[in-house]
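The values are calculated or read from the model by the stated rules, or taken from the named source; none is laboratory data. None of these values were measured; they are calculated from a predicted model. In this analysis, Cβ positions are derived from the backbone assuming ideal geometry, glycine residues included, and neighbour counts consider all displayed protein chains. For accessibility, only protein heavy atoms count, side chains too; no ligands or nucleic acids. Shrake-Rupley method; radii C 1.70, N 1.55, O 1.52, S 1.80 Å.
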Amino acid sequence: MKIEQGNSLWSDAWLRLKKNRMAFISLWVLVFIFAICFILPATPLINSPRHTNLANSFAAPSAEHWLGTDQLGRDLLSRVLNGGQVSLLVGLIATLISIIIGVSYGAISGYKGGKLDTIMMRIVDILYGLPFLILVILFSIVISSAAKEHEPKLLNSMPEGIVNLIVNILPLCLTIGFLGWYTMARVVRSQVLSTKKLEYVEAAVSLGLSHKNILFKQILPNQLGPIIVYTTLTIPGFILTEATLSFLGVGVQPPNSSWGIMLNEGANYMETKPLLLIFPSIVFALTLLALNFLGDGLRDALDPKASKD
Amino acid sequence: MLKTIIDRLLQGIIVIVCLLTLTFFLIRMIPGDPLTDEKAMSPQVRKENMRIFHLDKSQPVQYMHYWKNLFKGEMGKSIKKEQPVSKIIGQSFPVSVVLGVSGMLIAIVIGIPAGIISALKHNSLIDNGSMFIAMLGISIPSFVIGPLFAKFIATQVPFLKVAGWGDPFDWILPSITLGLGTAAYLARITRAGMLDILSQDFIRTAQAKGVSQTSIIVKHALKGGLVPAIAFLGPAFAMLITGSFVVETIFQIPGMGQHFVNATIERDYFLLQGMVLLFGILIVLVNLAADILLTYLNPRLRS
């Protein structure tokens, strides 16, 4: 006897996503960008992003330097890819931090309810009123200067690459992540608030399950849709924040590179060498565009009620 | 309604106090003090300077002192520029406000009509086209658009300049650069809000009664449909006024942006605190205005 297989939320969502042409193209664009940023630099095809050659600065695109070279004669393509690694990494790690904080905060607030909920949400209201960019600039300078102080000590016990990551990249991720969780907290709270009234949660309560079990094993897995959607929409925002900070000179510091730094340098040579701005801009905008389209598509696929189409 | 306003005002005051307190202690957590960079300073001069700026006292004492002066209307002196903070802000704040407000106007003038038209022509070429453009506007940051404008527009149009802030013509490119991203967000939010309202029963009732399409849109749909867009205006303004840091850098505009980044890096305590205070007040006031407008538009918020 053949049993009719029901469709899960995920297979339904996948089908809906596949029908959304822009979102589906975006997914492949993102896979492509991640692949070239993280895999291509490891192959011998690509020059080192830090190798300078002043005799060959501002070279036009050629077989050796596919996108030409920059003001210091560095290979532009390898710099775009290397900068992409940093930008994407900062976006992803910062998002991860903000998701962890936002989901736990929102879940506890919504689940506990009552006075605690009122107070917790009031705090979020106040934090929401603080100007994001101003605090990000302040915090990132404070945290990076603290990290710099520990640099010599860390260098004794760890390889240089990891120390560089901890001292130069991690403070940015922490700053953005710690300041960017408010919306996620609100989203999760309102979801949990409505879910906890459902019968299956009541059943879990009457079975005597612990609060921890009910919240994290019964309620939260049901909120995965909105969480995924909002995560996808957070990443481009954070990549943009990193780029803004680096553009203003308070983000990633040279000789490290990121798309924000490249856009800043490119803007300086805009008059005479527009390619230096145009190439990083295209990759940067394409990444953000794809992430935003994918986020929109995921919202339509996972949360049909929230989509306004 | 009065209760809402008082409530929001109180919340705004808490926001400003939190902001100032955070700034005060954060900037002092950066190792060293504002005077360490001055190499030529003799120990006596240094000591004297520390005394003048009260930097020799403990942080809580400095903090209390700062508030006391603030209530007297004094923001202190810039440590690096040797000028009163109020003077520096008096010169640069109006520039940032003009830029922020004109950016906001651009965002509203482009974003809201685009959103309304998209909603009315739902799923048409206009709708899809303008939503695609809106997505571009969200994804392409001002520091890419700005230099492109400078290169391809400012050099072509005779009365536009690549940089500077002399006559009102100089306002055009920076405000467009600043406002475009927000316009894109506004268009998307307006469209979503309008679509939500247009699908409701009372609109269908009005259509069934034979009310003209224009009248339905203007009298019935707009009021509710614009609520999400107006709720977004407060955060949008905060985004714009701080986003102006970037635009000011691109077009070399003498606003607060340059001072802000420098003051943070150079640990110019009083200048930074003064600027943060003004930004805080401005953002709180705009949020308040948006909230009042919102209660006026949405009767459900009035009770």
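Buried accessible area for the B:A pair, summed, 1.4 Å probe, in Å² rounded to 100?
Approximately 3900 Å² gets buried when B meets A.
Ordering B:Lys87, A:Lys115, B:Lys219 by accessible area with a probe of 1.4 Å, largest first, what comes out?
From most exposed to least exposed: A:Lys115, B:Lys219, B:Lys87.
For chain A, how many pairs of lysine residues have a Cα-Cα distance under 25 Å, where the two are 8 or more positions apart or belong to different chains?
Here the count comes out as 19.
Arrange the residues B:Phe159, A:Phe32 by how much accessible surface each exposes, largest first, with a 1.4 angstrom probe.
Correct descending sequence by accessible area is A:Phe32, B:Phe159.
Could you check how much of the accessible area of the protein assembly as shown is carbon and sulfur, as a whole percent, using a 1.4 Å probe?
Numbers: 19390 of 29350 Å².
Ligands and nucleic acids excluded, carbon and sulfur reach 66 percent.
Using a Gaussian network model of chain A with C-alpha springs under 10 Å, which one of A:Thr272, A:Thr118, A:Thr244 is most mobile by mean-square fluctuation?
Comparing A:Thr272, A:Thr118, A:Thr244 in the GNM, the peak value goes to A:Thr272.
How many percent of all Cα-Cα pairs in segment A:194-309 sit more than 18 Å apart?
On the way: 4377 of 6670 pairs.
Taking all Cα-Cα pairs of segment A:194-309, the fraction more than 18 Å apart is 66 percent.
Give me the net charge of A:Gly113's neighbourhood, meaning all other residues with Cβ under 12 Å from the Cβ of A:Gly113; Lys, Arg count +1, Asp, Glu -1. If you can, show how the numbers build up before the last one.
On the way: positive: A:Lys112, A:Lys115, A:Arg189, A:Lys196, A:Lys197; negative: A:Asp117.
Within the 12 Å Cβ shell, the charges total +4.
Largest first and in whole Å, what are the equivalent-ellipsoid semi-axes of the protein assembly as shown based on the Cα gyration tensor, each being the root of 5 times an eigenvalue?
The equivalent ellipsoid of the protein assembly as shown has semi-axes of 39, 32, 29 Å.
Report the number of Lys pairs in segment B:98-268 whose alpha-carbons are under 21 Å apart, with separation of 8 or more residues or on distinct chains.
5
Calculate, in whole percent, how much of the Cα-Cα pair population of segment B:59-165 lies beyond 18 Å.
Within segment B:59-165, distances greater than 18 Å cover 72 percent of Cα pairs.
On the full set of protein chains, 1.4 Å probe, figure out the accessible area of B:Met64 and give it in Å² to the nearest 10.
Accessible surface of B:Met64 is approximately 120 Å².
Can you list the residues in segment A:249-274 whose accessible area drops by at least 50 Å² when all protein chains are present, compared with the chain alone? Use a 1.4 Å probe, heavy atoms only.
By number: A:Met270, A:Glu271.
Hey, any idea what Rg/Rh is for chain A, computing Rh the Kirkwood way over Cα pairs?
That ratio is 1.04, to two decimals.
Once the Cα atoms of helix B:125-139 and of chain B are each reduced to a long axis, what angle between those two axes, in degrees from 0 to 90 to the nearest 10, is obtained?
Between the helix axis and the principal axis of chain B, the angle is about 10 degrees.
With every protein chain kept in the model, how would you rank A:Cys37, B:Cys18 by accessible area, 1.4 Å probe, largest at the top? Please list the in-between numbers first.
Values: A:Cys37 0, B:Cys18 50 Å².
Accessible-area ranking of A:Cys37, B:Cys18, largest first: B:Cys18, A:Cys37.
With all distinct Cα pairs included, what does the Kirkwood hydrodynamic radius of segment B:182-235 come out to in Å, to one decimal, could you say?
Details: mean 1/r = 0.0865 Å⁻¹.
Computed over Cα pairs of segment B:182-235, the Kirkwood hydrodynamic radius comes out at 11.6 Å.
Accessible area per residue, 1.4 Å probe, Å², for segment A:75-301: what's the number?
Ligands and nucleic acids excluded, the figure is 39 Å² per residue.
Could you work out the local net charge near A:Ile219, counting Lys and Arg as +1, Asp and Glu as -1, over the other residues with Cβ closer than 15 Å to its Cβ?
+3
Can you tell me, using C-alpha contacts under 8 Å and at least 6 residues apart, the relative contact order of segment B:80-202 as a whole percent?
So the answer I get is 42 percent.
Return the Cα extents of chain B along principal axes one, two and three, sorted largest first, each rounded to a whole Å.
Largest to smallest, the principal-axis extents are 85, 54, 30 Å.
Obtain the nm distance between the two label points defined at A:Glu160 and A:Asn268 by a simple spin-label model: each point lies 7 Å from its Cα along the Cα-to-C-beta direction.
2.3 nm
Could you go through segment A:112-125 in sequence order and give the Karplus-derived ³J(HN,Hα) for each residue, using 6.51 cos²θ - 1.76 cosθ + 1.60 with θ = phi - 60°, rounded to whole Hz, and x for Gly and Pro?
Result, ordered by residue: 5, x, x, 4, 4, 4, 4, 5, 4, 6, 5, 4, 4, 4 Hz.
Solvent-accessible area per residue for segment B:146-303 at a 1.4 Å probe radius, Å²?
Per residue, segment B:146-303 has an accessible area of 42 Å².
When only Cα pairs under 8 Å and 6 or more residues apart are kept, what is the percent relative contact order across segment A:19-124? Don't jump to the answer; show the numbers that get you there.
Values: 86 pairs, mean separation 18.8, N = 106.
The normalised contact order for segment A:19-124 reaches 18 percent.
What is the packing order of peptides A:208-214, A:8-14, A:235-241, taking the mean over residues of other C-beta atoms within 10 Å and listing the highest first?
Those peptides, ordered most packed to least, come out A:235-241, A:8-14, A:208-214.
Spin-label point model (7 Å from Cα, Cβ direction): what's the B:Val109 to B:Leu136 distance in nm?
Those two pseudo-labels are separated by 2.1 nm.
Suppose every Lys and Arg Cβ carries +1 and every Asp and Glu Cβ carries -1, with no other charges. What dipole size does chain A come out with about its Cα centre, to the nearest 20 debye?
The calculated dipole for chain A is roughly 860 debye.
Among B:Phe279, A:Leu92, A:Ala204, whose Cα projects farthest towards the positive end of the dipole of the protein assembly as shown, with charges put on the beta-carbon of Lys, Arg (+1) and Asp, Glu (-1)?
It is A:Ala204.
Treat each spin label as a single point 7 Å out from the Cα along the C-beta direction, and report the A:Asp125 to A:Leu40 distance in nm.
4.9 nm
Helix-only estimate, please: 222 nm mean residue ellipticity of chain A, summing -39500 (n - 2.57) across DSSP H runs of length 4 or more and dividing by its residues, to the nearest 500.
It lands at -22000 deg cm²/dmol.
Just checking the output field for B:12-22: average partner chain Cβ neighbours within 10 Å of each residue's Cβ? Intermediate results must be reported in sequence, preceding the final value.
Numbers: counts 2, 0, 5, 7, 2, 1, 5, 6, 0, 0, 5.
Averaged over the peptide's residues, the number is 3.
Provide the convex hull volume over Cα atoms per residue for segment B:8-92, in Å³.
Cα convex hull per residue, to the nearest whole number: 124 Å³.
Can you tell which of A:Pro171, A:Pro280, A:Pro254 shows the greatest fluctuation in a Gaussian network model of chain A with Cα springs below 10 Å?
In this elastic network of chain A, the residue with the biggest mean-square fluctuation among A:Pro171, A:Pro280, A:Pro254 is A:Pro254.
With contacts defined as alpha carbon pairs under 8 Å and 6 or more residues apart, what's the relative contact order of segment A:248-306 in percent?
19 percent
Once Rh is set to the Kirkwood radius over Cα pairs, what Stokes-Einstein translational diffusion coefficient, in µm²/s, holds for segment B:98-268 at a temperature of 10 °C and a viscosity of 1.306 mPa s? Intermediate results must be reported in sequence, preceding the final value.
Values: Rh = 17.5 Å.
Translational D for this selection: 91 µm²/s.
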